[in-house]
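This report concerns only the one structure given below.
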Amino acid sequence: MTYFTELFDNKIFVVAFVAWFMAQLIKVVLTLLVTKKFDLNRFVGSGGMPSSHTSFVMGLSTAIGLEYGWNSNIYAFALTFALIVMYDASGVRRSVGKQATILNTIIEDLYKHKHVGESKLKELVGHTPFEVIVGAVLGIFIANMMI
């Protein structure tokens, strides 16, 4: 248990974890408000508002910047890592979600005419740029509140 004790004693990791947790919690609450359904799957699922990936990495990089300085090598590494994750969330993963939507429509069309043994693909994979920005702001806010 020493590993987990030491990990959760690391305030930079705790900031990143809290930023992720809050983003996931917000997804559950927003889903409840919009659909009137309590869906705990939103707590562990990807996609949606806000981007928990972005919240996590921006919380991490902001905490590192606050702790070690904005001109430190470790902050440059963390920020670069965060930018790659944010690009992936809003670019590559969003495209995968759009492709899943198209493929699911094709599968539904085929199924209506003939049995198709394929299951639907997960469509909520990536994020809109707005979801990424909100995730970044959330991560930066939490890091500034905790460090």
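Just give me the residues in segment 38-59 being at pLDDT 80 or above and more than 13 Å from the chain's Cα centre (by Cα), in sequence order. Hit for segment 38-59 is PHE38, nothing else.
When segment 130-147 is examined, which residues are found to be among the aliphatic types (A, V, I, L, M) and either over 17 Å from PHE13 (Cβ atoms) or at pLDDT 85 or above (or both)? Please lay out each step first, then the result.
Filtering segment 130-147 down to residues among the aliphatic types (A, V, I, L, M) leaves 132-134, 136-138, 140, 142-143, 145-147.
The answer is VAL132, ILE133, VAL134, ALA136, VAL137, LEU138, ILE140, ILE142, ALA143, MET145, MET146.
Remark: pairs (first residue in segment 126-137, closer than 9 Å to PRO50 by Cα and of a type in the set (Gly, Ala, Ser); second residue at pLDDT 85 or above and outside any helix (DSSP H, G or I); Cβ separation under 7 Å; 6+ apart in sequence or on different chains) = GLY135/PRO50; GLY135/SER51.
Yes/no matrix, rows are residues, columns are (1) under 22 Å from LEU138 (Cβ atoms); (2) β-branched (Val, Ile, Thr):
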{"residue": "ASN10", "(1), (2)": "yes, no"}
{"residue": "THR31", "(1), (2)": "yes, yes"}
{"residue": "MET49", "(1), (2)": "yes, no"}
{"residue": "TYR68", "(1), (2)": "yes, no"}
{"residue": "PHE81", "(1), (2)": "yes, no"}
{"residue": "VAL92", "(1), (2)": "yes, yes"}
{"residue": "SER95", "(1), (2)": "no, no"}
{"residue": "ILE102", "(1), (2)": "no, yes"}
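Would you mind listing the helices (runs of 4 or more DSSP H) fully within segment 1-108 where at least 1 residues are in contact (Cβ under 8 Å) with a residue 24 or more places away in the chain?
Details: elements: 2-9, 11-35, 41-44, 52-68, 73-90.
Once the helices (runs of 4 or more DSSP H) in segment 1-108 are filtered for at least 1 residues that are in contact (Cβ under 8 Å) with a residue 24 or more places away in the chain, what remains is 11-35, 52-68, 73-90.
The values are calculated or read from the model by the stated rules, or taken from the named source; none is laboratory data. Keep in mind it's a predicted model, so treat the numbers as computed, not measured. For neighbour counting, all protein chains shown are included, and Cβ atoms are generated from backbone atoms with ideal geometry for every residue, glycine included.
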